[in-house]
Amino acid sequence: MRKPMMAGNWKMNKTVAEAKELAQAIQAQVATVEAVDRVLCPPFVCLPAVQDVLANSSIAVGAQNMHWAASGAYTGEVSGEMLQGLAQYVIIGHSERRQYFGETDESVNQKVKAALAHGLIPIVCVGESLEQNEGGQTAAVVTLQVQDALDGVSAEQVQTLVIAYEPIWAIGTGKAATPQQANATCGVVRGVVAHMFDDAVAQATRVLYGGSTNDKNIADIMQQPEIDGALIGGAALKAESYCAMVQTTAQLYA
C-alpha cells in the first residue's frame, strides 16, 4: 500500500513570524500521525524558520519552486543546492507557475532532473485548463505532461518522486473535480508511468490530487483507489483544516 501524503502549498502567503506560528500549530496537532506523510511548503523566505520548527519532527518541508541550474546569473531564482538542508521536497510545474511565469514542459523536466540530482523529492504537477477540460482533452494533455516531465528519469527515481494532478480550472476557484473524475485522471497518470516504465513502478509511485481540496471533501477523495493524497492550497493555511485532513486520512488508512 502506498503511504498517503498531505502536502500543504502555502503559495505567496505568511510572513516569517506567521509561518513559524502555523508550523508550530500544525506540529502540535499532527506531529505523531505517522500513517500520513505531512509536507509543508512555505515561501522561500520562510523555509529556515519552518525548518527550525520541524527539525525534530517527522513533518517534512518543501519548497514551492527551484531553478534547474546549480548557480548563475538568474536574479530572483533559487537552486537545488541552496535548498539542501532547508527542504526535503520541492513542488515543480505548479499550474500557477505554468500560467503566470512561463513554465513549460521542458523546464519542468529540467527542474525534475536537477531536484533529483540534489537529493530533493519532486512533487511534479500536471493538469489541464478549463478549455482543455471542456474540449475532452484532459487525458491527452495530462499524458503529454507526464511523459515530458519524466523524460530521461530512471525507473528507480520515478518511484521516489510524487506526481500531483491539479486541474488548472479547479485551483483557487472553489470548483473541484468529482472524486470519480479526479480518480480517473490520476489513473491516467499511473497508466502513463506504467507505459513508460512498468506496472511495478506505476504501483509504487504516489499520485496526489490538488484542486480545492479541503477538510469537507477529503474523505471522499481519499477513498478513491488511484489517489494517494492531496496537494492542498487554501485549506493548508489554517492549522485546523490542514490537520483535520491529515487526521481524516490517517483514519481511512488505519
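The values are calculated or read from the model by the stated rules, or taken from the named source; none is laboratory data. Worth saying up front: this structure is predicted, and the values here are computed from it rather than measured. Virtual Cβ from ideal backbone geometry, glycine too; neighbours counted across all protein chains shown.
Residues of the range 174-189 that are part of a loop (DSSP other than H, G, I, E, B) and surrounded by 23 or more Cβ atoms within 10 Å (Cβ to Cβ): ALA177 alone. Would you confirm whether any residue within the range 141-162 is closer than 28 Å to GLN247 by Cα, surrounded by 18 or more Cβ atoms within 10 Å (Cβ to Cβ) and of a type in the set (Gly, Ala, Ser)? Scanning the range 141-162, I find no residue that is closer than 28 Å to GLN247 by Cα, surrounded by 18 or more Cβ atoms within 10 Å (Cβ to Cβ) and of a type in the set (Gly, Ala, Ser), so the answer is no. Scanning the range 179-194 for residues that are over 17 Å from the mean Cα position of the chain (by Cα) and farther than 14 Å from GLN145 by Cβ turns up PRO179, GLN180, GLN181, ALA184, ALA194. Being surrounded by fewer than 17 Cβ atoms within 10 Å (Cβ to Cβ) and in contact (Cβ under 8 Å) with a residue 40 or more places away in the chain is true of ASP198.
Among the residues that make up the range 96-111, is at least one of them within 16 Å of TYR209 (Cα to Cα) and not small (Gly, Ala, Ser)? Yes, the conditions are met somewhere in the range 96-111. Of the residues making up the range 34-70, those that are over 30 Å from MET222 (Cβ atoms), in a loop (DSSP other than H, G, I, E, B) and in contact with an Asp or Glu (Cβ under 7 Å, 6 or more places away or on another chain) number 1. Can ILE171 be described as closer than 18 Å to ASP228 by Cα, of a type in the set (A, V, I, L, M, F, W, C), surrounded by 21 or more Cβ atoms within 10 Å (Cβ to Cβ) and within 15 Å of the chain's Cα centre (by Cα)? Answer is no for this residue. Might you check whether a residue that is part of a loop (DSSP other than H, G, I, E, B), more than 19 Å from the chain's Cα centre (by Cα) and hydrophobic (A, V, I, L, M, F, W, C) occurs anywhere in the range 7-22? Looking for residues that are part of a loop (DSSP other than H, G, I, E, B), more than 19 Å from the chain's Cα centre (by Cα) and hydrophobic (A, V, I, L, M, F, W, C), one finds none in the range 7-22, hence no.
Of all the numbered requirements in (1) touching a Lys or Arg at 6+ places or on another chain (Cβ under 9 Å); (2) farther than 30 Å from MET12 by Cβ; (3) among the hydrophobic types (A, V, I, L, M, F, W, C); (4) surrounded by 21 or more Cβ atoms within 10 Å (Cβ to Cβ), VAL192 misses one, and that requirement is (1). A single member of ALA55, ALA73 is out of contact with any Ser or Thr (no Cβ under 7 Å at 6 or more places or on another chain) and under 14 Å from ALA87 (Cβ atoms), and it is ALA55. Screening GLU166 on (1) in contact with a strand residue (DSSP E or B) (Cβ under 8 Å, 6 or more places away or on another chain); (2) crowded, with 16+ Cβ neighbours inside 10 Å; (3) modelled with pLDDT of 95 or more shows it passes everything except condition (3). Within the range 122-134, the set of residues being at pLDDT 95 or above and surrounded by fewer than 17 Cβ atoms within 10 Å (Cβ to Cβ) is empty.
Within the range 51-73, take every residue that is more than 18 Å from VAL16 (Cβ to Cβ) and without any contact (Cβ under 8 Å) to a residue 24 or more places away in the chain and give me the one that is surrounded by the fewest Cβ atoms within 10 Å (Cβ to Cβ). Within the range 51-73, the match that is surrounded by the fewest Cβ atoms within 10 Å (Cβ to Cβ) is ALA73. Does VAL90 satisfy the criteria of being of a type in the set (A, V, I, L, M, F, W, C) and over 22 Å from ALA194 (Cα atoms)? Yes; evaluated as a whole, the condition is true for this residue.
Residues satisfying the criterion are present in the range 215-230 (criterion: in a strand (DSSP E or B) and at negative phi). Only one of the numbered conditions (1) over 16 Å from the mean Cα position of the chain (by Cα); (2) in contact (Cβ under 8 Å) with a residue 60 or more places away in the chain; (3) not in a helix (DSSP H, G or I) is violated by GLN99, and that is (3).
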